[in-house]
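Enquirer: Take a look at the following structure, please.
The values are calculated or read from the model by the stated rules, or taken from the named source; none is laboratory data. Computed from a predicted model, the values in this text were never measured in an experiment. All Cβ positions, even for glycine, are placed from backbone atoms using ideal geometry, and neighbour counts span all protein chains on display. Note: accessible area is taken over every heavy atom of the protein model, side chains too, but ligands, DNA and RNA are not part of it. Shrake-Rupley method; radii C 1.70, N 1.55, O 1.52, S 1.80 Å.
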Amino acid sequence: MDYESFKNRYGVHLNRRQEEAMMAVDGRVLLLAVPGSGKTTVLVGRLGYMIFCREIEPENILTVTYTVAAARDMKARFASVFGGDAASRLDFRTINSLSNQIIRYYARLAGGEAFRLISEDKRRELISAVYRDKVGTLPAENDIKGLSASITYAKNRMLDKEGIEQLTGEGFDFSAVYNEYCRRMRALKLMDFDDQMVYALTILKKYPEILSYFRNKYHYICVDEAQDTSKIQHEIIELLARPRGNLFMVGDEDQSIYGFRAAYPEALHAFGDKGGKILLLEENYRSNSEIVAAADAFIRKNSMRHPKRMVSVRGKGGSLREISLFERRGQYKYLLKVASGCSEKTAVLYRDNDCALPLIDLLEREGLPYRCRQPELGFFRHRAVRDVCQLTEFSHDTTNADLFLEIYYKLSAAISREEAHAAAAKSRENGRPPLELLASDTARSPWKRRLCRELQDNFHKLTLDRADSAIRRIMQEMGYGKYIEDRSGDIAKMEILEILGQHEHSALGLIRRLSELEQIITEKASETSDCPFVLSTIHSSKGLEYDRVFLMDVYDGMLPKLSPDELVRAGEEAQKAYEEERRLFYVGMTRAKVSLNIFTFRDRRYRSDFTCDMFPEQPGRGKPQSKALPQASVVSKTDKKTVAKQASEYIPGVRVVHRSFGEGIISRMQARFVTITFKSGDTKTFDLLAMIEQGIISRG
């Protein structure tokens with residue numbers, strides 16, 4: 001069939017660059033496609049062109065997709081255009097499906113039985129058991145999740161012994177846990193999804209006849225979402241594509257946002273070095289010109305990318321809008337108004353699922369409809385949340401010796417392990433609270449006894465506090481914040497708890513509400529609602545589009561995860577991570593078709609390097625500080641020394657004057673944060689360095 005007949009028969013309508021990509025069949029080709037450029041249309045059309053115009057046997061074509069759902073959807077889309085017969089002869093697979101095929105073929109030839117694929121539940125149990133044996137404590141949900149991600153990362157990045165030893169766990173030796181996990185998997189004759197690729201690559205390298213079989217089977221290989229594939233996946237694909245070299249990869253390094261899953265966009269950067277041809281799809285058919293221009297200018301600040309320029313086909317119209325609020329909590333009330341009576345396809349996008357919890361809480365309280373894409377329950381099972389639950393429980397029964405032993409070392413009371421266990425044992429005998437026993441033990445120093453009395457008093461006050469005040473007390477007066485900080489833990493979880501606590505009269509009420517929210521989100525996950533108001537992480541929104549998008553919680557430390565000052569002190573890997581954060585924000589921006597709305601905050605605690613780039617000339621903000629990435633947001637050494645010197649004078653007990661809240665006394669210091677009790681009776685916590693820089697605070 002000639003090309004003109006092909007176009008007319010199957011209704012193929014492509015622009016010049018799309019057409020060039022569709023007809024690029026032979027050799028190594030990398031198609032870099034900006035968001036909304038119709039790359040799936042090109043991929044599907046190209047398969048039809050190969051079969052009907054180039055007369056290539058469908059069985060000789062392998063199309064590798066990132067997910068099972070993507071493979072299924074692409075096959076259905078091909079069938080809708082070119083018919084079911086041709087679709088049934090094409091091979092659409094994930095890299096795991098391909099790896100499984102290689103392993104099964106090897107097992108048949110060898111006359112043996114392949115290792116069984118472990119279920120996700122069984123894998124979690126095994127990781128938990130290894131953690132317990134190697135670390136000595138029961139893992140929390142986030143420990144298991146983090147370990148699982150690190151194991152996946154190590155295998156997908158093909159790390160050697162030295163590389164694995166450089167990976168760290170939170171307070172434990174990751175390499176010891178990793179090696180034991182792998183040993184037990186082999187002993188049980190099990191493999192996980194990452195092992196599938198490791199074993200498949202080993203087989204292809206070790207057995208030339210098996211490699212030859214698959215090379216003869218697949219003469220042409222197409223890879224979708226190439227920016228998300230890992231190093232080991234690229235190795236397998238490159239090995240199969242040789243010596244014919246007919247490899248067509250479609251992706252966009254600007255949309256590579258799965259570094260935590262070991263995505264390896266470096267392979268795209270080096271594609272041209274191996275003699276590959278690079279084609280560009282730069283026309284965005286999704287978004288209006290204002291959104292496209294802003295997104296393009298934003299992503300071009302990254303250095304690790306092929307040069308390209310995204311342009312809008314839709315032309316003018318639509319809007320890019322800054323929604324300026326004082327601080328983070330204002331977002332939720334604003335979005336409640338958006339949700340009320342929402343009729344157009346609207347997405348609220350954020351970095352991780354925790355961000356949505358305060359909004360979900362309010363939407364449920366107000367009875368407003370919403371849909372939540374791919375929610376997770378990790379927050380409710382996180383170690384910090386579990387600790388808050390235990391501290392609250394203990395405050396209502398301070399004689400619980402077993403619970404005391406679970407929590408004492410996480411608080412600032414200078415209790416040794418020997419003292420804690422002795423007090424717990426005596427408490428079980430006489431029924432007195434362990435803290436009371438320690439506070440009255442004359443063998444201990446007066447300072448240690450005073451700390452125990454203060455902690456005992458704080459536990460009593462905890463039962464009387466509103467929930468948000470209880471969280472602040474736990475963090476500040478009771479010292480749990482320092483415990484998290486010393487272990488580089490996720491302090492953001494505590495802020496979410498404090499925000500949720502605004503609507504509960506007690507810490508116990510907050511614990512009950514957490515249980516209700518967990519149940520609500522579990523039920524929402526199984527709903528198939530067509531509600532137009534959608535909540536989603538940016539990761540889960542990839543590949544989707546909405547008329548109206550709201551980007552929330554865009555501030556340094558959340559999005560981007562690294563603050564600019566941390567970035568300056570970090571090395572090359574952190575620079576790469578920062579560029580991925582920029583790509584994540586870019587992906588969020590490019591989900592919007594007509595209206596893109598970004599929340600910004602005047603409170604310095606929520607300053608954002610990204611929004612300074614987006615809205616540089618707004619009053620009071622000044623020019624963006626991240627024109628050159630390594631110098632982002634750097635305060636000069638002289639300024640830092642001056643600020644630090646002044647900050648050293650602000651200690652507990654010092655009288656101060658705040659520009660907005662008046663006179664007060666510093667009641668607590670924690671790192672750079674200061675808690676002030678004002679004459680009005682209000683107690684507030686601030687970033688001391690930021691206040692000094694801006695002249696907001698002075699000595700009283």
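Enquirer: Take the eigenvalues of the Cα gyration tensor for the range 516-558, scale each by 5, and report the square roots as semi-axes in whole Å, largest first.
Expert: Taking √(5λ) for each Cα gyration eigenvalue gives 21, 17, 9 Å.
Enquirer: Suppose R0 equals 56 Å. What FRET efficiency, 1/(1 + (r/R0)^6) with r the Cβ-Cβ distance, do His306 and His460 give to the nearest 0.05?
Expert: 0.35
Enquirer: I would also like to ask the following. For Lys277 and Arg417, what is the calculated FRET efficiency with R₀ set at 45 Å and r taken between the beta-carbons, to the nearest 0.05?
Expert: 0.10
Enquirer: I'd like the distance separating the alpha-carbon centroids of the range 348-369 and the range 130-165, in whole Å.
Expert: Result: 31 Å between the Cα centres.
Enquirer: Let me ask something additional. Straight-line reach from Lys448: which lysines have a Cα under 22 Å away, not including same-chain ones fewer than 8 places off?
Expert: The qualifying lysines are Lys410, Lys426, Lys461, Lys482.
Enquirer: Right, another one. Enter the angle in degrees (range 0 to 90, nearest 10) between the Cα long axis of helix 507-525 and the first principal axis of the Cα atoms of the chain, meaning the one along which they spread out most.
Expert: 10
Enquirer: While we're looking at this one, here's another question. Provide the per residue accessible area, probe 1.4 Å, for the range 45-97, rounded to a whole number of square angstrom.
Expert: I get 43 Å² per residue for this part.
Enquirer: State, as an integer percentage, the relative contact order of the chain based on alpha-carbon contacts under 8 Å between residues 6 or more apart.
Expert: 14 percent.
Enquirer: Considering only protein heavy atoms, what per residue accessible area in square angstrom results for the range 242-281 with a 1.4 angstrom probe?
Expert: It amounts to 38 Å² per residue over the range 242-281.
Enquirer: Ranking request for peptides 406-413, 103-110, 642-649: highest mean number of other beta-carbon atoms within 10 Å first, then the rest in descending order.
Expert: 406-413, 103-110, 642-649
Enquirer: In degrees, nearest 10, range 0 to 90: what is the angle between the Cα axis of helix 637-647 and the longest Cα principal axis of the chain?
Expert: Result, in degrees: 30.
Enquirer: Modelled label-to-label distance, Asp603 and Glu209, 7 Å Cα→beta-carbon offset: nm?
Expert: In this crude spin-label approximation the distance works out to 6.9 nm.
Enquirer: Evaluate the distance, in nm, between pseudo-label points positioned 7 Å from the Cα of Lys426 and of Leu138 along their respective Cα→Cβ axes.
Expert: So the two model labels end up 2.8 nm from each other.
Enquirer: Which one, Met589, Leu405, Met185, is farthest towards the positive end of the dipole of the chain when Lys and Arg carry +1 and Asp and Glu -1 on their Cβ?
Expert: After comparing all options, I get Met589.
Enquirer: So what J values fall out for the range 527-535 if you push phi through Karplus, 6.51 cos²θ - 1.76 cosθ + 1.60 with θ = phi - 60°, rounded to Hz, Gly and Pro as x?
Expert: Running phi through 6.51 cos²θ - 1.76 cosθ + 1.60 with θ = phi - 60° gives 6, 10, 6, 10, 4, x, 8, 10, 10 Hz.
Enquirer: As a check on your grasp of the helix formula, calculate [θ] at 222 nm for the chain: sum -39500 (n - 2.57) over DSSP H runs of n ≥ 4, divide by the residue count, round to the nearest 500.
Expert: -14500 deg cm²/dmol
Enquirer: Once the dipole of the chain is set up with Lys and Arg at +1 and Asp and Glu at -1 on Cβ about the Cα centre, which of Ala140, Met475, Leu438 lies farthest towards its positive end?
Expert: With unit charges placed on the Cβ atoms, the residue in question is Met475.
Enquirer: If you don't mind, there's one more thing I want to ask. Could you tell me the center-to-center distance, by alpha carbons, between the range 1-59 and the range 236-252 in angstrom?
Expert: Result: 17 Å between the Cα centres.
Enquirer: Note down the magnitude of the dipole of the chain about its Cα centre, charges +1 on Lys and Arg C-beta and -1 on Asp and Glu C-beta and zero elsewhere, to the nearest 20 debye.
Expert: Approximately 780 debye in magnitude.
Enquirer: Let a ≥ b ≥ c be the square roots of the eigenvalues of the Cα gyration tensor of the range 246-402; is it rounded (a/c under 1.5), or, if not, prolate (a/b larger than b/c) or oblate?
Expert: Oblate, since a/c reaches 1.5 and b/c is not below a/b.
Enquirer: Using alpha-carbon pairs under 8 Å, 6+ residues apart, how would you state the relative contact order of the range 238-377 in percent?
Expert: Over the range 238-377, the number comes to 18 percent.
Enquirer: Just order 254-264, 461-471 by mean Cβ neighbour count inside 10 Å, highest at the front, would you?
Expert: Per-residue mean Cβ counts within 10 Å order the peptides as 254-264, 461-471.
Enquirer: Further, regarding this structure: Taking Cα atoms, how many degrees apart are the long axis of helix 95-110 and the longest axis of the chain, rounded to 10 and kept between 0 and 90?
Expert: Once rounded, one gets 70 degrees.
Enquirer: While we're here: Given a 1.4 angstrom probe, what's the average accessible area per residue across the range 302-418, in square angstrom?
Expert: 45
Enquirer: If you plug each phi of the range 313-322 into the Karplus form 6.51 cos²θ - 1.76 cosθ + 1.60 with θ = phi - 60°, what whole-Hz ³J(HN,Hα) values come out, in order, with x for Gly and Pro?
Expert: 8, 6, x, 6, x, x, 7, 10, 10, 8
Enquirer: How many percent of the accessible area of the chain is carbon or sulfur, using a 1.4 Å probe?
Expert: In the chain, the share of accessible area belonging to carbon and sulfur is 49 percent.
Enquirer: log₁₀ I(q)/I(0) of the range 396-443 at q = 0.13, 0.20 Å⁻¹, via Debye over equal Cα point scatterers, no solvent, to two decimals?
Expert: Evaluating at q = 0.13, 0.20 Å⁻¹ gives log10 I(q)/I(0) of -0.23, -0.56.
Enquirer: If you restrict to DSSP beta bridges whose two residues both lie in the chain, what percentage is antiparallel, to the nearest 5?
Expert: Here the share of antiparallel DSSP bridges comes out near 30 percent.
Enquirer: A further question on this structure: Please state, as a whole number in µm²/s, the translational diffusion coefficient that the Stokes-Einstein equation yields for the chain at 37 °C and 0.692 mPa s, with Rh defined as the Kirkwood radius across alpha carbon pairs.
Expert: Rounded to a whole number, D works out at 115 µm²/s.
Enquirer: Taking the Cα centre as origin and putting +1 on Lys and Arg beta-carbons and -1 on Asp and Glu beta-carbons, what dipole magnitude results for the range 143-197, to the nearest 20 debye?
Expert: Roughly 280 debye, rounded to the nearest 20.
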